[in-house]
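First the structure, in the form of structure tokens, and then the observations on it.
The values are calculated or read from the model by the stated rules, or taken from the named source; none is laboratory data. Model, not experiment: these values are computed from the prediction. All Cβ positions, glycine included, derive from the backbone under ideal geometry; neighbour counts span all protein chains shown. Ligands, DNA and RNA are stripped out before the accessible areas are found, and what is left, the full protein with its side chains, is counted by its heavy atoms. Shrake-Rupley method; radii C 1.70, N 1.55, O 1.52, S 1.80 Å.
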Amino acid sequence: MRKNRRLLNGDLLTLQVPDAAALPGSTAISVLSLDDHELEVNSGTAADLEFYLSISGSQLTDEVTLRDGSALRYGRHGADPASGFVFAVAVGEHHVYGFTVPTMDIETLTSYLAGVTFRPHEDGPTLELSGSVTWSQYRTHTVAQVVDLSEGQGFLLDVRRTRTGDIARDGAGMEVPGGWLTRSSTEERHAYAVLEATDFVSYGIPGNQGDVDLVATVLSGVTTELG
């Protein structure tokens with residue numbers, strides 16, 4: 001199964017998972033930087049946004065218009081006045097959303113986002129940055145993709161944009177069509193499989209009581225390409 005997903009910086013991930021029964025909702029994640037402060041932003045469907053809000057018991061209760069005309073909806077994280085704000089901006093058929101630290105007020109958030117232009121695309125929105133707003137030097141651009149397999153099995157595929165384009169082929173591992181496949185150390189609390197490619201590094205993370213051997217087998221046929 002093949003799927004295209006736009007990263008928030010505009011790069012396009014073309015993901016091939018031959019063993020997948022379905023590739024449902026995915027979330028693109030990036031981090032903005034302004035004056036030594038960082039703000040994580042996510043993009044997904046309306047259902048993804050609702051799930052994001054529900055796990056923290058948050059609601060978007062208020063609205064303000066950003067400089068580019070976009071509507072910023074916001075509310076207190078967990079409905080707690082002492083917490084930061086959850087926020088969301090509709091961009092075409094998708095939403096860009098996240099939450100702030102308690103010390104960031106709405107005026108600061110809107111000034112943060114004044115340097116961001118939101119662009120809709122069929123395969124996910126992009127953010128064009130200007131002024132003093134930049135991408136974080138410490139975090140890369142990511143797509144979190146759920147992979148459904150047959151018989152109710154599945155896992156999370158965490159696909160991260162590489163910085164150097166180098167593949168570390170040292171230590172245990174094997175060459176596969178999509179790059180270099182390895183597994184986490186036996187000392188890791190939660191086992192996972194890793195697929196290193198030129199443009200992306202992908203982590204296959206089993207669900208509760210998941211089978212890392214199955215995840216590794218699926219990853220052996222996965223390819224990640226920059227569109």
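Average accessible surface for the range 36-131: 52 Å² per residue, computed with a 1.4 Å probe over protein heavy atoms with every protein chain in place.
Here the chain has 47 percent of its accessible surface on carbon and sulfur atoms, given a 1.4 Å probe and all protein chains in place.
Rg ratio for the range 112-227: its Cα radius of gyration over 2.2 N^0.38 Å, N being its residue count, equals 1.24. By the Cα gyration tensor, the range 1-123 has an equivalent ellipsoid whose semi-axes, rounded to whole angstrom, run 27, 17, 13 from largest to smallest.
Could you grab the Rg to Rh ratio for the chain? Cα atoms only, Kirkwood for Rh. That ratio equals 0.99. The stretch between residue 199 and residue 9 holds 67.0 nm of extra length on full extension. This uses 0.36 nm per residue minus the Cα-Cα distance. Taking a sphere under 13 Å around the Cβ of residue 95 and counting the other residues whose Cβ falls inside, with K and R at +1 and D and E at -1, yields a net charge of -2. For the pair residue 139 and residue 16, label points projected 7 Å from Cα toward Cβ lie 3.2 nm apart. Backbone amide hydrogens, once placed in the peptide plane, bring residue 21 within less than 5 Å of 148, 149, 150, excluding anything fewer than 5 places away on its chain.
Put a dot 7 Å past the Cα of residue 54, heading toward its Cβ, do the same for residue 188, and the two dots end up 2.9 nm apart.
Over the chain, DSSP H runs of length four or greater, each weighted -39,500 (n - 2.57), average out per residue to a 222 nm ellipticity of -3000 deg cm²/dmol.
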